[in-house]
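Chemist: The structure follows.
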Amino acid sequence: MPIKITIQIETISDSIIACYIFNELENNRLNFYTSDGILILKHENTLAITIRKNQFQFEKVIRSALKGNIKVGQIINCVFIEDFNFLNESDFNKFIRVDRRNDKLDITTSDSATTDIHKIYADGSFACETLKAGYGGFTEDPNGKQEIFFKSFDDGSSNLMELLAVTEGLQRLQAIKKLQVNTDSRFVIRGLVQWCHFWRHNNWQTAFGEDVKYAESWKNAYRLCEDKFVEFKWIKGHSGNMKQDFCHQLAKESTKR
């Protein structure tokens with residue numbers, strides 16, 4: 001079950017961030033030492049135990065806030081998911097698997113791909129000079145049969161197009177319970193493997209109370225992964241992968257339509 005905790009920043013110095021933390025039942029105060037990530041809590045209560053148990057997630061939230069010019073008085077709404085398996089940079093060289101079947105959430109990685117599986121290849125594009133956008137891709141069944149898709153837009157962004165490209169593939173394979181998504185977008189992979197799980201429990205808002213950008217598109221993609229095994233493979237752009245290069249060209253051409 002997700003755990004919701006609110007953090008209020010009380011003081012900020014070069015080495016220590018002092019916070020007031022609370023939930024519906026308890027409150028506490030803590031000092032976070034930015035140099036080494038040490039946490040010192042004022043009281044020993046259930047809230048203190050929760051913070052220590054989820055210290056890695058707490059530190060990720062605070063360090064993210066530091067990058068965004070954190071301010072005294074700032075409110076941060078945290079959602080912790082116990083034992084959540086966060087991605088490392090090295091994981092993008094592997095096959096990243098999210099198993100949401102039978103009401104579970106199991107995130108693992110593998111050096112090898114799942115065999116006999118439906119696949120999605122997708123890419124998005126945005127032309128700065130014309131402000132046109134588009135995406136392209138195809139689905140492929142275990143027998144190698146492919147179905148191409150593409151779409152053009154009068155505006156958009158590269159990240160949105162990447163997300164919409166993968167979403168269309170998911171839509172086309174919505175009846176399939178095991179599939180593989182191939183994309184050159186770490187943004188999409190991080191979103192569907194990590195961020196969406198936390199956003200969903202935070203009413204599709206960020207920890208800082210702002211609406212998630214492209215929230216409706218994320219919701220749609222997340223819903224299409226529900227009760228499925230989805231394997232993600234990051235393919236470096238322009239790396240010579242013929243199938244991904246085809247999607248790139250298809251997406252680029254869609255911005256000219």
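All of the numbers you see were taken from the coordinates with simple rules; none came from a lab. Note that the coordinates shown come from a computational prediction; the quantities given were computed from them, not determined experimentally. Heads up, the Cβs are rebuilt from the backbone with ideal geometry, glycines too, and the neighbour counts pull from every protein chain shown.
Chemist: Over the chain, what is the mean sequence separation of C-alpha contacts under 8 Å (at least six apart), divided by residue count, expressed as relative contact order in percent? Could you put the intermediate results ahead of the total?
Modeler: Details: 493 pairs, mean separation 52.0, N = 257.
Relative contact order here is 20 percent.
Chemist: I would also like to ask the following. Using unit Cβ charges (K, R positive; D, E negative) and no other charged atoms, how large, in debye to the nearest 20, is the dipole of the chain about its Cα centre?
Modeler: Working: 34 positive and 34 negative charges, 41 e Å.
It works out to roughly 200 debye.
Chemist: Still on this structure, please answer the following. Say each of LYS71 and ALA127 gets a label point 7 Å from the Cα, pointing the same way as Cα to Cβ; how far apart are those two points in nm?
Modeler: Rounded to a tenth, the inter-label distance reads 4.1 nm.
Chemist: Expected output is a single nm value to one decimal: the length gained when fully extending between LYS145 and PHE86, i.e. 0.36 nm times separation in residues minus the C-alpha distance. What is it? Don't jump to the answer; show the numbers that get you there.
Modeler: Numbers: separation 59, 0.36 × 59 = 21.24 nm, distance 3.41 nm.
Full extension of this stretch gives 17.8 nm more.
Chemist: Let me ask something else. Give me the orientation-averaged projected area of the Cα convex hull of the range 85-202, in nm², one decimal. Present the calculation step by step, with values, prior to reporting the outcome.
Modeler: On the way: hull surface 34.4 nm².
About 8.6 nm², averaged over all directions.
Chemist: P(r) tail for the range 166-257, what percent of Cα pairs lie past 19 Å? Numbers along the way, then the final one.
Modeler: Working: 2023 of 4186 pairs.
It works out to 48 percent of all Cα pairs.
Chemist: Also: Two decimals is fine: what is log10 I(q)/I(0) at q = 0.14, 0.15, 0.22, 0.25 Å⁻¹ for the range 2-81, from a Debye sum with one equal scatterer on every Cα and no solvent?
Modeler: Scattering profile of the range 2-81, log10 relative to I(0): -0.39, -0.45, -1.04, -1.40.
Chemist: Taking the chain as a Gaussian network, where each spring joins two C-alpha atoms under 10 Å apart, which residue of LYS178, LYS71, LYS119 fluctuates the most?
Modeler: LYS71
Chemist: May I ask you to work out the translational diffusion coefficient for the chain at 10 °C, viscosity 1.306 mPa s, via Stokes-Einstein with Rh from the Kirkwood sum over Cα pairs, reported in whole µm²/s? Provide the component values of the computation, followed by the final result.
Modeler: Numbers: Rh = 20.0 Å.
Stokes-Einstein gives a translational diffusion coefficient of 80 µm²/s.
Chemist: Along the charge dipole of the chain, pointing to its positive end and built from +1/-1 on Cβ of Lys, Arg, Asp and Glu, which listed residue (GLY209, ASN31, MET161) has its Cα farthest out?
Modeler: MET161
Chemist: Please enumerate, by chain and number, the lysines with C-alpha under 26 Å from the C-alpha of LYS145, excluding those fewer than 8 residues away in the same chain.
Modeler: Filter leaves LYS94, LYS119, LYS177, LYS178, LYS228, LYS233, LYS236, LYS243, LYS252.
Chemist: In which sequence would GLU210, GLU59 go, from the one with the fewest C-beta neighbours within 10 Å to the one with the most?
Modeler: Details: GLU210 8, GLU59 15.
Ascending number of Cβ neighbours within 10 Å: GLU210, GLU59.
Chemist: Here's a follow-up. Where the centre of each part is set by its Cα atoms, how far does the range 1-69 sit from the range 215-257, in angstrom?
Modeler: 36 Å
Chemist: Length gain on complete extension for the stretch ILE117 to LYS177, per 0.36 nm per residue less the alpha carbon to alpha carbon distance?
Modeler: Details: separation 60, 0.36 × 60 = 21.60 nm, distance 0.95 nm.
Gain in length upon complete extension: 20.7 nm.
Chemist: Relative to the Cα centre, what is the charge dipole magnitude of the range 2-81, using +1 at the beta carbon of each Lys and Arg, -1 at the beta carbon of each Asp and Glu, and rounding to the nearest 20 debye?
Modeler: Details: 9 positive and 7 negative charges, 39 e Å.
About 180 debye.
Chemist: Where does helix 242-254 land angle-wise versus the long Cα axis of the chain, in degrees 0 to 90, nearest 10?
Modeler: Result, in degrees: 90.
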